Amino acid sequence: MIRHVIDTRQLKNRNFLEGLFLKADKFKEAIHDGNDSRIHAGKIVCSLFYEPSTRTKISFDSAAKRLGAEVIGTENAREFSSEYKGETLEHAILATQDSYDVLVIRHPEDGAAKRAALVSKKTVINAGDGNNQHPTQALLDVYTIRQKLGRTDNLKFGFVGDLSHGRTVKSLTYLLAHMKGNELFFISPAEFRLNQEILEYLAKAGVKYYQTDDIDSVLPILDGLYVTRIQWERIASQEFEKVLEGYDRFAITLERADKMKNDSIIMHPLPINNMKSSGHPEIHPEMDRHPHAVYFDQSNNGLCIRMALLDTVFSKDNLYNLIGDIP
Ligand code: NCD
């Protein structure tokens, strides 16, 4: 049976997650030691990006190449694929799928990756679909939490920023809900709250969560804080301007970071809004060297996690069969 990686609600199995992380550890060590991991020569990954990407595209392509696989596709699929001529995504896949072994897709529409999976006879990996899901980001996020905090259970974990228009928060929230005893704190202005569907999922799973717009009261108790940018491309520009006005009350400054526990971490999926928010970034630049800030390590962890995932898909090993059904 073909398994796809579309939504983190598929990733409930702890053996899957732990197995993937152990595999990622090995690939990370091999990269560090300069050892060759090219065990999948002859495989082909098709990378189809209908939306801009820096980190995800670079690390997926590198992961494939470090495993010995070839990468084909386009990073400007909106213009350079036949979608430009009016072709549907389904037709594009049906017409090309003999040419590759795995499809990695990023698309601006919610649900596009699932639509691709429904017609595909090759594994589809969602590299971000609209405002919906970004499962490999959530995997590298949890891997980073495990690496930096030594555990993924019994955490007090906060999310701050635009929680309604981003896909990374949604994917990570589901994954953290699959662990044990995590308490989640959602910090945002009222207009950027997480959607009801996720809150209901958390309630059903018995996960304790809290919603607040008062970041300073929460910071001292958190083990980890996940900061996100305002997804200005998904909201009206007047709304962006308006919300920016009072937004400094959520920004991570040195002063705020120092309110956190000594061993706590500050994460961000990147990119940080700097240029677009005219001097009001959600994380101030001087934070980059702060001991709590782990976002560059987090981003670099994308490589070994994506190697582990591609290896799982290429070899169709035990882990592959632990990937759940698409909801
Ligand atoms: C994120 C995305 O594309 O959803 N970036 C990424 O892949 N690391 C986050 C974002 O764009 O805000």
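Summarised in one figure, the compactness ratio Rg/Rh of the range 229-327, Cα atoms and Kirkwood Rh, is 1.12. Normalised by the number of residues in the range 74-219, the average gap of Cα pairs under 8 Å and 6 or more apart makes the relative contact order 16 percent. Taking all Cα pairs closer than 8 Å and separated by 6 or more residues, the relative contact order of the range 219-276 comes to 68 percent.
Ranked by the mean number of other Cβ atoms within 10 Å of their residues, highest first, the peptides 280-287, 218-225 fall in the order 218-225, 280-287.
Divide, for the range 228-268, the radius of gyration over alpha carbons by 2.2 N^0.38 Å, where N is the residue count. Computed over Cα atoms of the range 228-268, the ratio equals 1.48.
Across the range 111-171, C-alpha contacts under 8 Å between residues 6 or more apart give a mean separation that, scaled by the residue count, equals a relative contact order of 35 percent. The reciprocal of the average 1/r between distinct C-alpha atoms defines the Kirkwood hydrodynamic radius, which for the range 32-120 equals 13.8 Å.
The GluC sites (Glu not before Pro) of the range 6-99 meeting both criteria, a DSSP state outside H, G, I, E and B (loop) and at most 12 other C-beta atoms within 10 angstrom of the site's C-beta, are E87. Working note: Cα atoms of the range 55-202, range along each principal axis, descending, whole Å: 46, 36, 23.
Across the cross-link table entries K12/K276; K57/K148; K26/K180, which are compared at the Cα atoms, the separations over 30 Å belong to K12/K276. Here, the range 264-309 is characterised by an Rg to Rh ratio of 1.06, where Rg is the alpha-carbon radius of gyration and Rh the Kirkwood radius. A DSSP coil position with no more than 11 other Cβ atoms inside 10 Å describes none of the trypsin sites (Lys or Arg not before Pro) in the range 283-327.
Restricting the calculation to Cα atoms, the chain yields a radius of gyration followed by a Dmax of 19.3, 55 Å.
When the solvent-accessible area of the chain is split by element, carbon and sulfur atoms take up 49 percent of it, the probe being 1.4 Å. To make sure I understand the rule: partners must be lysines, Cα under 18 Å from the Cα of K122, and not fewer than 8 residues away in the same chain. Which ones qualify? Cross-link targets: K43, K114, K316.
Residues in the range 279-287 carry Karplus couplings, in order, of x, 10, x, 6, 10, 5, x, 5, 6 Hz; the curve used is 6.51 cos²θ - 1.76 cosθ + 1.60 with θ = phi - 60°, and Gly or Pro positions show x.
First check a/c for the range 148-278, with a ≥ b ≥ c the square roots of the eigenvalues of its C-alpha gyration tensor; if it is under 1.5, answer rounded, and if not, answer prolate when a/b is larger than b/c or oblate otherwise. It comes out oblate by the Cα gyration axes. Under the combined filter of DSSP loop state and at most 12 neighbouring Cβ atoms within 10 Å, the range 84-138 retains these trypsin sites (Lys or Arg not before Pro): K121. Computed from Cα atoms, the angle from the helix 295-315 axis to the main principal axis of the chain rounds to 30 degrees.
The values are calculated or read from the model by the stated rules, or taken from the named source; none is laboratory data. What you see is a predicted model; the values in this text were computed from it and never measured. So basically every Cβ, Gly included, is an ideal-geometry build from the backbone, and we count neighbours across all protein chains shown. These accessible areas exclude ligands, DNA and RNA; they are computed on the full protein's heavy atoms, side chains included. Shrake-Rupley method; radii C 1.70, N 1.55, O 1.52, S 1.80 Å.
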